[in-house]
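Quick notes on the structure that follows.
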Amino acid sequence: MFKPSLKSTWTLLLLAAVSYALYLWSWNSRVDHRQDHYDDKLAAARLMERALRTLKESQAPGGVLVDDINDPWNTLLIGQKYTQITTTEGDLRSKQNSLNPNMAALVVALMAEAGVKNGDRVAICLTGSFPGLNVAVYSACAVLDLQPVIISSVSSSWFGANDPSWTWLDMEAALKEKGVFPWTSSYASIGGADDRGESMSPEGRELARAAITRNAVPFLNPADLRKAVDLRIEAFQQEISNSPRGYDLFLNVGGGVASLGHVDNKDLLPSGVARNVRLMDFPDRGVLHFFADGGVPTINLLKLSEIMRDYGLPLSPKERPKIGEGSIYVTERHNLKVVLVSTVLLTILVLFVIRTDLRSQKLREPEVVSDEIL
C-alpha cells in the first residue's frame, strides 16, 4: 500500500504535479478589472469624440477632406507644416496621437492622480499646437464638473491648429456655440517666441491678433517674456483671488514659453503630474512654477509618447482606437479567490504528508542496544 512520505519519490512527483496544476488554474483564472474612475474616463472619451466630430462638421459641412498620409483618421485637425501663424517645429506623430478620444480618459486619470475633486477650480494654459489635447482637457473638465480659467495662445507648431481662419480660438468658439462645452478662453496671446510672436512675420502676428479680435477674447500683449509670465499670473489672479491657492490645479498643454518660463524647460520639466518642481533648477520660471511654488498640483502635458506609454494608450496605431479600449480602462488581474483556494489546497496537502511522516516515525519502535557482552 502506498504511504505518502516526503522521502518518497512518488510523493514528491505527486506534489509537483498538483502544484503545477494549481499554478495553471490560478494563472488562467485572470479576470478583467475596471480601473479607478472608469465611468468618468468613459464619459470623457465619449464627449471628446463628440467634440472632434463637431469640429469636423464645422470645418467641412458639405464634404470630407481626406489626407490619408498626415491625417489617416480623417479628423481634419492635422494642420499644415507651414502657415503664417506657425512658430516652431512639431512632431506629427504626437499631433496624430493627441486625436485619440481616449486621451480624455488619460487626462481624467492625471487629474485624479493630482487629487482633483468635482467642482475644483483649475488654471489652464493652452496653445494652438495640440487641438486634440485641448479638447481632451475640456472634456475631462466637463465630466468632472470643474471650474476652468483658460489662457490660450493662438499660434501653433507644425501640424497643429495653424490655419489663420480656423485657429484654436475659432474651434473652441464653435464647440461652445454647438453646446459641447460651456466655456472658452478667458484671455489669449499671440504665442511664439516670448509669447509675442517674435518668430513670426508681421503678417502672421496680425492674423493671430485678428483671430483674438473676432472671438472677442481679451488680448495679452507682453513687452517681453518676463512680462508675458506676469500678465498671465495677473490674469489668473484677477479671475480668482487668493492665487495661487485659490486654484486646486494648474494644467499646461504644449510648449508655451510663458507657461514654462524658458524654451529649455520643455526638456527639464517632468511630464504628467509634475512633482518636485519646487526642488528643481530652471533657467527661468514661468506660470507653472508660480503655481507649483504655491503648493498647487500641476499637470504638464508634454512628451506625449511617454505619458501614453505609462497609462497604457497605443502609440501611432494604424486604426483609430475604439473608446474604452486599453489598460487605462481595464486591466487583467488574477482571480484572488482561485489563488486563495489553490494555496489552501496545496498547503493542506503538504501538511498532510508531513503529518503522515511524523506519525510514522512515532509508531516506529526504537532500536535497543544491549550492553551485555555475549
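Every number in this text was worked out from the coordinates using simple rules, so none of it is lab data. As the structure is a prediction and not an experimental result, all values here were calculated from the model. Neighbour counts are summed over all protein chains in view; Cβ atoms, including those assigned to glycine, are modelled from backbone coordinates with ideal geometry.
Quick notes on this structure:
- Exposed loop positions in the chain were taken to be chymotrypsin sites (Phe, Trp or Tyr not before Pro) whose DSSP state is not H, G, I, E or B and which have at most 13 other beta-carbon atoms within 10 angstrom. Between these positions, the longest stretch is 83-374.
- Between the Cα long axis of helix 168-177 and the first principal axis of the chain there is an angle of about 80°, rounded to the nearest 10.
- Segment R275-R50, extension gain: residue separation times 0.36 nm, minus the distance between their alpha carbons: 77.8 nm
- Build a GNM of the chain with springs between Cα atoms under 10 Å apart, and of D248, D357, D71 the one that fluctuates most is D357.
- Size of charge dipole - the chain - debye, nearest 20, with Cβ of Lys, Arg +1 and Asp, Glu -1, no other charges: 940 debye
- Summing +1 for each Lys or Arg and -1 for each Asp or Glu among the other residues whose beta-carbon sits under 13 angstrom from that of F236 gives -1.
- Panel values: the stretch 250-305, Kirkwood radius from alpha carbon pairs, Stokes-Einstein at 4 °C and 1.567 mPa s, translational diffusion coefficient 120 µm²/s.
- Magnitude of the charge dipole, the stretch 197-284, Cβ model with Lys/Arg +1 and Asp/Glu -1, debye to 20: 220 debye
- Using alpha-carbon coordinates, inclination of helix 225-239 to the longest axis of the chain, degrees: 80 degrees
- Summary value for the chain: 22 percent relative contact order, contacts being C-alpha pairs under 8 angstrom separated by 6+ residues.
- The stretch 91-180 - Kirkwood radius from inverse mean 1/r over Cα pairs (Å): 13.6 Å
- The order of the peptides 224-230, 113-119, 145-151 by mean Cβ neighbours within 10 Å, most packed first, is 145-151, 224-230, 113-119.
- Calculated from backbone phi, Karplus (6.51, -1.76, 1.60) coupling profile of the stretch 154-167 in Hz, x at Gly/Pro: 7, 5, 8, 7, 3, 6, x, 7, 10, 7, x, 8, 9, 7
- Backbone HN-Hα couplings from phi across the stretch 287-304 [Karplus 6.51/-1.76/1.60, Hz, Gly and Pro as x]: 5, 4, 5, 4, 6, 4, 5, x, x, 8, x, 10, 10, 10, 8, 9, 6, 4
- Multiplying the residue separation of N28 and E89 by 0.36 nm and removing their Cα-Cα distance gives an extension gain of 17.2 nm.
- Treating each Cα of the stretch 132-205 as an identical point scatterer and summing with the Debye formula, the log10 of I(q)/I(0) at q = 0.16, 0.22, 0.26 Å⁻¹ comes to -0.61, -1.03, -1.28.
- Taking label positions 7 Å along the Cα-Cβ direction at both R359 and E177, the computed distance is 8.6 nm, reported to one decimal.
- Among (i) 123, 49, 35; (ii) 65, 47, 43; (iii) 71, 54, 37, the entry that matches Cα extents along the principal axes in Å as calculated here: (i)
- In sequence order, calculated HN-Hα J values of the stretch 39-54 (Karplus, 6.51, -1.76, 1.60; Hz; x Gly/Pro): 5, 5, 4, 5, 5, 5, 5, 5, 5, 5, 4, 5, 5, 5, 5, 5
- Charging the Cβ of each Asp and Glu at -1 and of each Lys and Arg at +1, and nothing else, the dipole of the stretch 81-177 about its Cα centre rounds to 100 debye.
- The chain: angle of helix 131-143 to the longest principal axis, Cα-based, in degrees nearest 10: 70 degrees
- Over the stretch 217-358 - Rg/Rh using Cα atoms and the Kirkwood inverse-distance radius: 1.31
- Helix-derived mean residue ellipticity, 222 nm - over the chain, DSSP H n ≥ 4, -39500 (n - 2.57), to 500: -13500 deg cm²/dmol
- With 30 Å as the limit on Cα-Cα distance, the pairs of K81/K117; K81/K322; K56/K322; K41/K95 that go past it are K81/K117.
- The stretch 139-258: radius of gyration over Cα atoms, expressed as a fraction of 2.2 N^0.38 Å: 1.05
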